[in-house]
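Following: one structure in structure tokens, then a few remarks.
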Amino acid sequence: MVSEPERCRPWIEGALAYSGGTHDFDDIAAGIETGRFQLWPAPDGCLVTEIINYPKKRVLNVFLAGGKMAQIIDMNDAVCAWGKAHGCDTITINGRPGWAKVAAPFGWKPIFTALEKDL
């Protein structure tokens, strides 16, 4: 039987292609196994989340999202409820600029722009 991370591998790797090279699939699978990351598998996509504890707030970060957009959007309420149940104050997602338009009807708003420069 194929594990859920392996079943979701194409979506995870597709999302990782836009993550700036910070992780590969093995890093994500190890993080899921240790509980650092949470895998949200669905029939037509998946999310990978992580809880980030800042000095002033606890944030559920949607670290990776891949698959059919309708499937990902359909997961919004469950993921938000889970974050709230685990003491998170807010939820964030990092991604391409198009996410802002897709997520806006569900109450998401831009908070900053991330930039990168190779050193």
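Every read-out reported here was derived from the displayed coordinates using simple, explicitly stated rules and does not represent laboratory data. Not measured: the values here are computed from a predicted model. Methodologically, a virtual Cβ is constructed for each residue, glycine included, from the backbone with ideal geometry; neighbour enumeration extends over all protein chains shown.
Phi angles of the range 32-39 translate, via the Karplus equation with coefficients 6.51, -1.76, 1.60 and θ = phi - 60°, into HN-Hα couplings of 5, 4, 7, x, 5, 10, 10, 8 Hz per residue; Gly and Pro are given as x.
Overall, the range 39-96 carries a charge dipole of about 240 debye about its Cα centre when +1 sits on the Cβ of Lys and Arg and -1 on the Cβ of Asp and Glu, all other atoms neutral. Legend: residue pairs Lys68/Lys101; Lys57/Lys109; Lys84/Lys117; Lys56/Lys101, Cα-Cα distance threshold 24 Å; pairs beyond threshold, Lys84/Lys117; Lys56/Lys101. About its Cα centre, the range 4-101 has a charge dipole of approximately 480 debye under the convention of +1 per Lys or Arg Cβ and -1 per Asp or Glu Cβ, with nothing else charged. Taking a Cβ cut-off of under 14 Å around Ile91, the surrounding Lys, Arg, Asp and Glu residues balance to a net charge of +1, with basic ones at +1 and acidic ones at -1. In terms of the mean number of neighbouring beta-carbon atoms within 10 Å, the peptides 64-70, 23-29 order highest first as 64-70, 23-29.
Measuring how big the chain is from its alpha-carbon positions, Rg and Dmax come out at 14.1, 43 Å.
The local environment of His23, defined by Cβ-Cβ distances under 12 Å, has a net charge of -4 under the rule Lys, Arg +1 and Asp, Glu -1.
The Cα trace of the range 1-71 gives Rg and Dmax of 12.2, 43 Å, the first to one decimal, the second as a whole number.
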